[in-house]
Amino acid sequence: METWEQLQHQYKQLHNEAVRLAGTTKQLSQRAATYYHLYENSGRNHIFPLIAAHGALWARGYFAFGMKLGELLSWQYGFSPKRRRQQLDALEDFAESFREVNRRVCVETYITYHFVQRHGEHPLADQLVRPELLTSLRKLCTAKQRGTELDDLTKRSIFETHFLDEQATVVGPRIEKAVQQFLWPMMRSLALMPAVRFAYFPRGKWLQFWKFDRREERIARGLSAFDMAAGVGWKQVERTLDRYQVLPATFFANSLDHFANLRNEILAAA
């Protein structure tokens, strides 16, 4: 059995690997492929990364729209070019903070999943993965070992535990900080009211946010995203990743080979 020092070392190695695979904030194709790998590797039981892939790809268009809107609304500062430039730079920083949240979520999701797969039964595992999350991820390990697909109720329970964990440890603190630092009231209000429509949502359905910085609202909408996914079926959720027109054809031809080649290329370069 590994010593505590060995366990820490392997956790750090996974962290380094995850950082490289998650890519930069704007490398969405790479990050979505990494998210999908986690879903696929779990025997299609780990739903959180599948929905997170949709979130990352959807946000690309939302941020592009937000920057165009910001360009238009920035003319309220037309009398002061310097002030206008400052506000547009602040908007870009605000958007980058949100992109960074998604990147960090990918890193943490990759680490916790693979760490528990390899060391989840170690008596000190709960020193590196929070106990509730560890218990949920162990269920994924058991299902993978048995080659079984979990029922949707169990998948939802694991999704909710993972979602609550990342909201508390990664998303919440960073979003709150970004909102506090963004001092353009009109754009801040608009940015916190996205109407989210992932590609797999049924026709006429979307998730309307009114205060995205409110944790309880993010949790409620996240669980609704899961419920809609379960309603349309997991195959449909997988297939509709092509609608964002970001992932390459090689991904849809063979996602396993695509990620294996991507991983080898990235880690070899590192």
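The values are calculated or read from the model by the stated rules, or taken from the named source; none is laboratory data. If you're wondering where the values come from, they're calculated on a predicted model, not measured in any experiment. Cβ: placed from backbone, ideal geometry, glycine included. Neighbour counts: every protein chain shown. The area values use the complete protein model at the heavy-atom level, side chains included, leaving out ligands, DNA and RNA. Shrake-Rupley method; radii C 1.70, N 1.55, O 1.52, S 1.80 Å.
Helix-only arithmetic for the chain: the sum of -39500 (n - 2.57) across DSSP H runs with n ≥ 4, divided by the residue total, places the mean residue ellipticity at 222 nm at -23500 deg cm²/dmol.
When the chain is treated as a Gaussian network with alpha carbon springs shorter than 10 Å, the biggest mean-square fluctuation among Gly61, Gly23, Gly70 belongs to Gly61. Rounded to the nearest whole Hz, the Karplus-based 3J(HN,Hα) values (6.51 cos²θ - 1.76 cosθ + 1.60, θ = phi - 60°) of the range 244-253 follow the sequence 7, 6, 10, 6, x, 4, 4, 5, 6, 6, with x at glycine and proline. Bridgeable lysines around Lys235 (alpha carbons under 16 Å apart, same-chain partners fewer than 8 residues away excluded): Lys155. The GNM of the chain, with springs linking C-alpha atoms under 10 angstrom apart, assigns the highest mean-square fluctuation among Lys26, Lys144, Lys235 to Lys235. Normalised per residue, the accessible area of the range 4-269 is 50 Å², obtained with a 1.4 Å probe and no contribution from ligands, DNA or RNA.
Normalised by the number of residues in the range 4-269, what is the relative contact order in percent for Cα pairs under 8 Å and 6+ residues apart? Kindly include the intermediate steps, with their values, before the conclusion.
Values: 262 pairs, mean separation 64.9, N = 266.
Computed value for the range 4-269: 24 percent relative contact order.
Using θ = phi - 60° in the Karplus curve 6.51 cos²θ - 1.76 cosθ + 1.60, the 3J(HN,Hα) couplings for the range 198-210 round to 6, 4, 8, 4, x, 4, x, 10, 7, 10, 8, 9, 10 Hz; x is entered for Gly and Pro.
Extension gain, Asn254-Thr135: 0.36 nm per intervening residue step, less the Cα-Cα distance, totals 39.7 nm.
Given an 8 Å cut-off on Cα distances and at least 6 residues of separation, report the relative contact order of the range 196-253 as a percent.
Values: 34 pairs, mean separation 21.2, N = 58.
The normalised contact order for the range 196-253 reaches 37 percent.
Here the range 96-110 is scanned for amide nitrogen atoms under 17 Å from the site 7 Å beyond the Cα of Tyr77 along Cα-to-Cβ, giving 96-97.
Hey, any idea what % of the chain's accessible area is carbon plus sulfur with a 1.4 Å probe? It is 53 percent, rounded to a whole number.
Give the label of the value calculated from the structure for Rg and Dmax of the Cα atoms in Å, choosing from (i) 17.2, 53; (ii) 18.6, 60; (iii) 19.4, 68. The value matching this structure is (iii). Taking springs between alpha-carbon atoms closer than 10 angstrom, which of Asp152, Asp165, Asp257 fluctuates most in the Gaussian network model of the chain? Sorting by GNM fluctuation, first place goes to Asp257. Note on Glu149 and Ile219: the extension gain reaches 22.7 nm, defined as 0.36 nm multiplied by sequence separation minus the Cα-Cα distance.
Its relative contact order, with pairs defined as Cα atoms under 8 Å and 6+ residues apart, puts the range 116-270 at 15 percent. Listed by number, the DSSP H helices of the chain that run 15 Å or longer by alpha-carbon position along their axis and have mean Kyte hydropathy of at least -1.0 are 28-41, 47-73, 131-146, 152-166, 215-232, 255-269.
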